[in-house]
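The values are calculated or read from the model by the stated rules, or taken from the named source; none is laboratory data. Computed from a predicted structure; not experimentally measured. Backbone-built Cβ (ideal geometry, glycine too); neighbour counts: all protein chains shown. Areas reflect the complete protein model, heavy atoms only, side chains present, ligands, DNA and RNA absent. Shrake-Rupley method; radii C 1.70, N 1.55, O 1.52, S 1.80 Å.
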Amino acid sequence: MGLTDFTERIGEIDRARTIEEVSDLLEQFTQEAGFRYFALAHHTDPANLPNRFLLLENYPRTWVDEYTSSGHYRHDPVRRLAGLRPGTFVWSELPARLTLSRKEVDVLARAQAAGLGEGFTVSLYAHGDRQASCSFVCATGEPLPTIALPAAEMIARHAFTRLFDILHPTVLDVPHLAPRQLQCVLLMAQGKTDAEIAIILGIAEETVTQYINDARSRFGVTRRSQLSAAVASYGLISAREVLCGDTPP
């Protein structure tokens, strides 16, 4: 696949109007680049796909049926690593990057027996959305086309962005929180009471409560636990900040 062909494929993906068009273009690139299979999917139960969740693939039907009916997605190490780190990885790296459970080892062995060989996975994520990934896979026994990996990563990211835009045609408006208000929400997410937050930040307890109640209203949620999840999903606070208990700046 030459540079001109690759540039044209990127342009076609960026101009695609439907999910089906993007899927067809992904399959076309997969064959042109020297892979056999592809899968771009949100990390959820493929048998019960929620609205606006993606599952595009051309895997062998026998493997798709087994993966879905047996719940292999719960023990898929490819999904697990894609959810733990940004960037890309090849499947042969999995044992070096993860401590694989017995069930994860079994899933990999079953996939290989079904015809899936070496794979290359791109971790994908958009704020407020479920973790996703895109994998390009060779048939069992076929070599990985390493020269095509940079192009595969770009194709995956362009495809995911285009699919996101198709599924969300209106501009997402993230509610704004003032710096002090965001500090209160982070400390709340860490499990601190309004009284404790007031002491830490040197403000009145009533002000803390007001800030948090206003934040709940802005995000359209009723419970404080929902507020923590909503603010984190938009990247305003991170899970690391919540778990480590760092004092916000």
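Within region 103-114, not a single residue is touching a strand residue (DSSP E or B) at 6+ places or on another chain (Cβ under 8 Å), open to solvent by 10 Å² or more (accessible area, probe 1.4 Å) and not hydrophobic (A, V, I, L, M, F, W, C).
Run Arg130 past the list (1) out of contact with any Asp or Glu (no Cβ under 8 Å at 6 or more places or on another chain); (2) open to solvent by 60 Å² or more (accessible area, probe 1.4 Å); (3) at pLDDT 95 or above and report the number of the one that doesn't hold. Among (1) out of contact with any Asp or Glu (no Cβ under 8 Å at 6 or more places or on another chain); (2) open to solvent by 60 Å² or more (accessible area, probe 1.4 Å); (3) at pLDDT 95 or above, Arg130 violates only (3).
Can you name every residue in region 40-49 that is surrounded by fewer than 16 Cβ atoms within 10 Å (Cβ to Cβ) and out of contact with any strand residue (DSSP E or B) (no Cβ under 6 Å at 6 or more places or on another chain)? Give the derivation first.
As a first pass, look at region 40-49 and keep what is surrounded by fewer than 16 Cβ atoms within 10 Å (Cβ to Cβ): 45, 47-49.
Asp45, Ala47, Asn48 - these are the residues of region 40-49 that are surrounded by fewer than 16 Cβ atoms within 10 Å (Cβ to Cβ) and out of contact with any strand residue (DSSP E or B) (no Cβ under 6 Å at 6 or more places or on another chain).
For region 75-117, which positions are charged (D, E, K, R) and at pLDDT 95 or above?
Taking region 75-117 first, the residues charged (D, E, K, R) are 76, 79-80, 85, 93, 97, 102-104, 106, 110.
Correct list: Asp76, Arg79, Arg80, Glu93, Arg97, Arg102, Lys103, Glu104, Asp106, Arg110.
Scanning region 24-75 for residues being over 26 Å from Glu12 (Cβ atoms) and of a type in the set (Gly, Ala, Ser) gives a total of 4.
If you go through region 68-90 and pick out every residue that is without any contact (Cβ under 8 Å) to a residue 40 or more places away in the chain and either under 24 Å from Phe160 (Cα atoms) or acidic (Asp, Glu) (or both), you end up with 13. Of all residues in region 203-246, those satisfying the criterion of being of a type in the set (Val, Ile, Thr) and surrounded by 12 or more Cβ atoms within 10 Å (Cβ to Cβ) are Ile203, Thr207, Val208, Thr209, Ile212, Val221, Val231, Ile237, Val242.
Scanning region 116-143 for residues that are over 26 Å from Gly71 (Cβ atoms) and either without any contact (Cβ under 8 Å) to a residue 60 or more places away in the chain or part of a helix (DSSP H, G or I) (or both) yields Gly141, Pro143. Report yes if some residue within region 50-67 is open to solvent by less than 70 Å² (accessible area, probe 1.4 Å), without any contact (Cβ under 8 Å) to a residue 60 or more places away in the chain, more than 16 Å from Phe136 (Cβ to Cβ) and hydrophobic (A, V, I, L, M, F, W, C); otherwise report no. Yes; the residues of region 50-67 include at least one that is open to solvent by less than 70 Å² (accessible area, probe 1.4 Å), without any contact (Cβ under 8 Å) to a residue 60 or more places away in the chain, more than 16 Å from Phe136 (Cβ to Cβ) and hydrophobic (A, V, I, L, M, F, W, C).
Restricting to region 96-133, what's the tally of residues that are under 20 Å from Ile166 (Cα atoms) and of a type in the set (Gly, Ala, Ser)? Number satisfying all stated conditions: 5.
Would you check which residues across region 144-156 are of a type in the set (A, V, I, L, M, F, W, C), assigned to a helix (DSSP H, G or I) and surrounded by 14 or more Cβ atoms within 10 Å (Cβ to Cβ) and list them? Give the steps one after another, and end with the answer.
From region 144-156, those of a type in the set (A, V, I, L, M, F, W, C) are 144, 147-149, 151-152, 154-156; that's our starting set.
Then keep just the ones that are assigned to a helix (DSSP H, G or I); that gives 147-149, 151-152, 154-156.
Matches in region 144-156: Ala148, Leu149, Ala151, Ala152, Met154, Ile155, Ala156.
Scanning region 176-191 for residues that are exposed (fewer than 14 other Cβ atoms within 10 Å of the Cβ) and either of a type in the set (Gly, Ala, Ser) or in contact (Cβ under 8 Å) with a residue 40 or more places away in the chain (or both) turns up His176, Ala178, Gly191. Residues that are closer than 24 Å to Asp129 by Cβ, of a type outside the set (Lys, Arg), surrounded by fewer than 19 Cβ atoms within 10 Å (Cβ to Cβ) and at pLDDT below 95 do not occur anywhere in region 23-39.
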